[in-house]
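One structure is given here, and the rest of the page talks about it.
Values quoted throughout were computed directly from the atomic coordinates according to the rules given, and no laboratory measurement underlies them. The model shown is predicted, which means the values in this text are computed figures rather than measured ones. Cβ placement follows ideal geometry from the backbone for every residue including glycine, while neighbour counts extend to all protein chains displayed.
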Amino acid sequence: MRPLDYRAPADAAEAVAAVAERPDAAFLAGGTNLVDHLKLGVARPGLLVDVTSLVPVEITEQGGGLSIGAGVRNADLAADPRVRRRYPVLAQALLAGASGQLRNMATTGGNPLQRTRCAYFQDVSTPCNKREPGSGCSAIGGVTRQHAILGASDACIATHPSDMAVALAALDARVRVLGPGGDRTIPFVDLHRLPGDAPERDTVLEHGELITAIDLPALPMAARSAYRKVRDRASYAFALVSVAAAVDVAGGVVRDARIALGGVAHKPWRAHRAEDALRGATTTDDSYRAAAEAELADAVAQPGVDGGNAFKIPLLTRTLVATLRDLATEEA
């Protein structure tokens with residue numbers, strides 16, 4: 001067992017200062033991802049700073065939308081009547097993730113920050129640029145079935161695992177952060193990074209910055225939204241592909257859409273090309289398929305010893321078509 005220090009500060013500002021002053025420090029809240037990585041030897045912090053009681057645990061009305069405290073548990077967020085009624089895509093995404101026990105522990109601030117479930121990242125005996133920059137990417141040419149088809153680089157082809165994050169990307173959520181330099185707000189779509197040549201950096205957060213809340217805007221079309229996840233088994237499995245979508249449909253025409261994709265990139269993938277293709281299009285499978293093809297025009301399948309992941313491109317197309325078809329049918 002590796003010894004480490006533990007601190008339980010009196011308030012969030014003290015917690016931020018404690019982490020900021022030590023490069024080997026990390027925040028601890030639900031711990032559902034961090035504890036796994038401690039056991040595997042992937043994470044080796046010298047100090048854990050407990051923020052469990054220091055971040056908000058309420059869901060409050062704000063400007064026609066909702067503000068979700070970073071300490072709100074995933075189970076409580078999924079069960080909130082306002083979320084289920086006004087943002088069903090978020091409730092469905094939360095319930096599609098992990099297990100009941102984990103959702104009782106995982107937090108709103110921590111869930112989007114969970115790290116990839118790439119098997120090579122979690123195996124400390126293999127080279128991994130995300131775990132040890134410059135060591136190489138064992139996934140390239142290896143077992144790639146779960147890996148990225150969008151936004152990958154020569155340094156990393158891993159995918160982001162969070163279901164919740166895909167829904168938040170589709171909903172135009174915003175992230176409130178407290179750091180050594182004070183407060184700032186980040187559009188959720190800008191929170192995560194593509195790997196580029198620095199895959200060890202999952203997000204744009206600076207060391208010591210703490211998520212305090214995530215805000216959902218007033219978005220009437222979100223009442224007609226859904227999350228669809230394709231995985232190898234019915235529960236407790238990460239997405240091969242997933243779709244979070246909200247649509248505004250009238251008279252057989254898509255007036256507006258919000259779409260994000262999961263299981264396909266290093267970050268939750270906001271599908272702007274698909275959205276643009278759908279606006280003004282008829283509510284037909286041909287329109288939905290054209291939107292998927294527009295979004296996936298730059299998709300690159302990964303070859304691998306397991307046959308690779310080219311199957312993700314047609315699978316994602318079918319998943320997006322089915323999701324949009326179901327949402328448009330609700331018009332009747």
Lysines whose Cα lies under 21 Å from that of Lys39, excluding same-chain neighbours fewer than 8 positions away:
Lys130
With labels modelled as points extended 7 Å from the Cα through the Cβ direction, what inter-label distance (nm, one decimal) is found for Arg233 paired with Ala218?
4.5
Taking the Kirkwood radius as the inverse of the mean 1/r across Cα pairs, report the Rg/Rh of segment 226-329.
0.98
Quick one: if you take sqrt(5λ) for each eigenvalue of the C-alpha gyration tensor of segment 84-146, what semi-axes come out, biggest first, whole angstrom?
31, 13, 11
What's the magnitude of the charge dipole for segment 226-329 around its Cα centre, counting Lys and Arg as +1 and Asp and Glu as -1 at the beta-carbon? Answer in Debye, nearest 20.
300
Under a 5 Å amide H to amide H cut-off, with H placed in plane at 1.01 Å, what residues pair with Leu210 once short-range neighbours are removed?
Leu178, Gly179
Cα centroid separation - segment 31-92 against segment 165-205, whole Å:
15
Kirkwood-based Rg to Rh ratio, segment 100-238, C-alpha trace:
0.98
Measure nothing but the geometry: give the 0 to 90° angle between the long axis through the Cα atoms of 285-295 and the longest principal axis through the Cα atoms of the chain, rounded to 10°.
40
